[in-house]
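Student: The following block contains the structure, expressed as structure tokens.
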Amino acid sequence: CGGLLMYNEEWIEYYQYLELLRQSGITNMFGAAPHLGTAFGLNPREARKVLGSWMENYDLLISNKIIKVE
């Protein structure tokens, strides 16, 4: 990928929320979209899109220090 940003920089707050949700153990991450939607007022389709992006770019988000893994 050559260091290109594959994630949406406008979604950084969402990505950070998803990482905190993952660490909390409240839900399996495949079921995280409704939590994200409720927290940020996203419709189900948008929440799934953000979640998919978070999953696909997880390693990149960590290496770019967007999310911190505890």
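Student: Using only the alpha-carbon atoms, how far is helix 44-56 inclined from the longest principal axis of the chain? Give it as 0 to 90 degrees, nearest 10.
Tutor: The two axes meet at around 40 degrees.
Student: Something else: Looking at the chain, what % of the alpha carbon pairs are farther apart than 14 Å?
Tutor: That fraction is 54 percent.
Student: Report, in degrees rounded to the nearest 10, the 0 to 90 angle that the Cα long axis of helix 12-24 makes with the longest principal axis of the chain.
Tutor: Rounded to the nearest ten degrees, it is 70.
Student: Per DSSP helix of 4 or more residues, -39500 (n - 2.57); summed, then divided by the residues of the chain. What does that give at 222 nm, rounded to the nearest 500? Walk me through the numbers on the way to the answer.
Tutor: Details: 4 runs with 40 residues, N = 70.
Only helices count here, giving -17000 deg cm²/dmol.
Student: In the chain, which trypsin sites (Lys or Arg not before Pro) are in a loop and have at most 13 other Cβ atoms within 10 Å, using DSSP for the loop call?
Tutor: Working: sites: Arg22, Arg45, Arg48, Lys49, Lys65, Lys68; in loops: Lys65, Lys68.
Hits after loop and neighbour filter: Lys65, Lys68.
Rule-based calculations on the coordinates, nothing more; no lab input. Computed from a predicted model, the values in this text were never measured in an experiment. Please note: Cβ atoms are built from the backbone with ideal geometry, for glycine as well, and neighbour counts cover all protein chains shown.
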